[in-house]
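Below is one structure, written out as structure tokens; the observations come after it.
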């Protein structure tokens with residue numbers, strides 16, 4: 001018995017260690033989108049259900065004039081991106097990374113490779129002015145992405161969605177490679193002056209190698225809603241039928257009366 005208890009405790013310790021290791025392996029999470037976000041540059045309520053990737057690493061010029069975060073959602077068909085950015089100098093000058101923009105770096109299978117060798121390894125550069133740009137990874141990604149932006153004062157929102165290049169990834173527990181960086185043209189010369197990133201650089205060129213990307217775990221699951229028919233709803237609202245009861249007193253009186261009649265009939269026959 002003592003040996004069995006020892007083995008059981010050892011198993012619990014191992015499983016706990018494994019679960020902690022798996023949890024610690026992910027730098028962030030992306031929630032399942034039971035409500036699909038509308039791609040219109042307006043933040044839907046469903047975005048509140050998932051994690052934020054705050055860009056706190058300050059690159060050139062100490063990240064002057066820009067701050068922001070992204071959030072990710074997923075389902076069996078798409079991966080969804082939300083970028084919320086504050087930029088004190090929105091200029092609408094230049095294209096791609098040379099102006100105000102959001103860089104999304106993705107490796108769907110976390111390929112851990114030199115470069116961005118697979119179709120499912122790609123880069124998206126999206127601007128609040130409705131333009132996209134490509135300079136590394138899958139060239140077709142800027143054609144496949146669907147996105148909308150909305151500018152309000154010194155801030156902008158970008159919502160985007162991409163079909164999975166590898167649909168086998170779209171399941172709870174998968175880990176993708178991901179990073180986001182924000183670019184800022186301060187003086188309107190169509191050149192990037194400052195930038196920030198979610199992932200610290202630390203000598204790791206995430207813009208060149210997928211092995212340098214942070215890890216995001218897909219979590220949550222699809223909620224199945226069972227539709228109730230009109231007939232079933234009506235039946236549920238109808239008052240319950242009264243339970244049938246027997247009046248034993250009445251039955252006894254009827255029995256006694258029947259017995260009395262039988263007795264009288266018997267006496268008459270005598």
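Here's the yes/no breakdown for (1) out of contact with any strand residue (DSSP E or B) (no Cβ under 9 Å at 6 or more places or on another chain); (2) farther than 18 Å from residue 162 by Cβ; (3) at pLDDT below 50; (4) not in a helix (DSSP H, G or I):
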| position | (1), (2), (3), (4) |
| --- | --- |
| 9 | yes, yes, yes, no |
| 15 | yes, yes, yes, no |
| 21 | yes, yes, yes, no |
| 30 | no, no, no, yes |
| 37 | no, no, no, yes |
| 46 | no, no, no, no |
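Note on region 119-136: residues that are within 23 Å of residue 195 (Cα to Cα), surrounded by 15 or more Cβ atoms within 10 Å (Cβ to Cβ) and either without any contact (Cβ under 8 Å) to a residue 12 or more places away in the chain or in contact with a helix residue (DSSP H, G or I) (Cβ under 9 Å, 6 or more places away or on another chain) (or both) total 11. Within the option set 213, 218, being crowded, with 22+ Cβ neighbours inside 10 Å, more than 17 Å from the chain's Cα centre (by Cα) and either at pLDDT 90 or above or on the phi < 0 side of the Ramachandran plot (or both) holds for one residue only, 213. Restricted to region 127-150, and to residues there that are modelled with pLDDT under 95 and closer than 16 Å to residue 84 by Cα, the residue that is farthest from the chain's Cα centre (by Cα) is 129.
When the test is whether a residue is surrounded by 13 or more Cβ atoms within 10 Å (Cβ to Cβ), at pLDDT 95 or above and under 28 Å from residue 94 (Cβ atoms), residue 186 does not pass it. Among the conditions (1) over 15 Å from residue 107 (Cβ atoms); (2) touching a residue at least 24 places away in the same chain (Cβ under 8 Å), the only one that residue 152 does not satisfy is (2). If we scan region 57-68, do we find a residue that is closer than 24 Å to residue 211 by Cβ, part of a strand (DSSP E or B) and in contact with a strand residue (DSSP E or B) (Cβ under 6 Å, 6 or more places away or on another chain)? Yes: region 57-68 contains one or more residues that are closer than 24 Å to residue 211 by Cβ, part of a strand (DSSP E or B) and in contact with a strand residue (DSSP E or B) (Cβ under 6 Å, 6 or more places away or on another chain).
Can you find a residue in region 121-141 that is assigned to a helix (DSSP H, G or I) and more than 16 Å from residue 99 (Cα to Cα)? Scanning region 121-141 turns up at least one residue that is assigned to a helix (DSSP H, G or I) and more than 16 Å from residue 99 (Cα to Cα). Picking from residues in region 188-211 that are free of Cβ contacts under 8 Å to residues at least 24 places away in the same chain and out of contact with any helix residue (DSSP H, G or I) (no Cβ under 7 Å at 6 or more places or on another chain), the one that is nearest to residue 33 (Cα to Cα) is 202.
Within this structure, residue 139 passes the test of being free of Cβ contacts under 8 Å to residues at least 60 places away in the same chain, more than 26 Å from residue 32 (Cα to Cα), surrounded by fewer than 19 Cβ atoms within 10 Å (Cβ to Cβ) and out of contact with any helix residue (DSSP H, G or I) (no Cβ under 9 Å at 6 or more places or on another chain). Of all residues in region 94-108, those that are part of a loop (DSSP other than H, G, I, E, B), buried (at least 17 other Cβ atoms within 10 Å of the Cβ) and out of contact with any helix residue (DSSP H, G or I) (no Cβ under 6 Å at 6 or more places or on another chain) total 3.
The values are calculated or read from the model by the stated rules, or taken from the named source; none is laboratory data. What you see is a predicted model, and the numbers here were worked out from it, not measured in a lab. Reconstructed Cβ throughout: ideal geometry from the backbone, glycine too, with neighbour counts over all protein chains shown.
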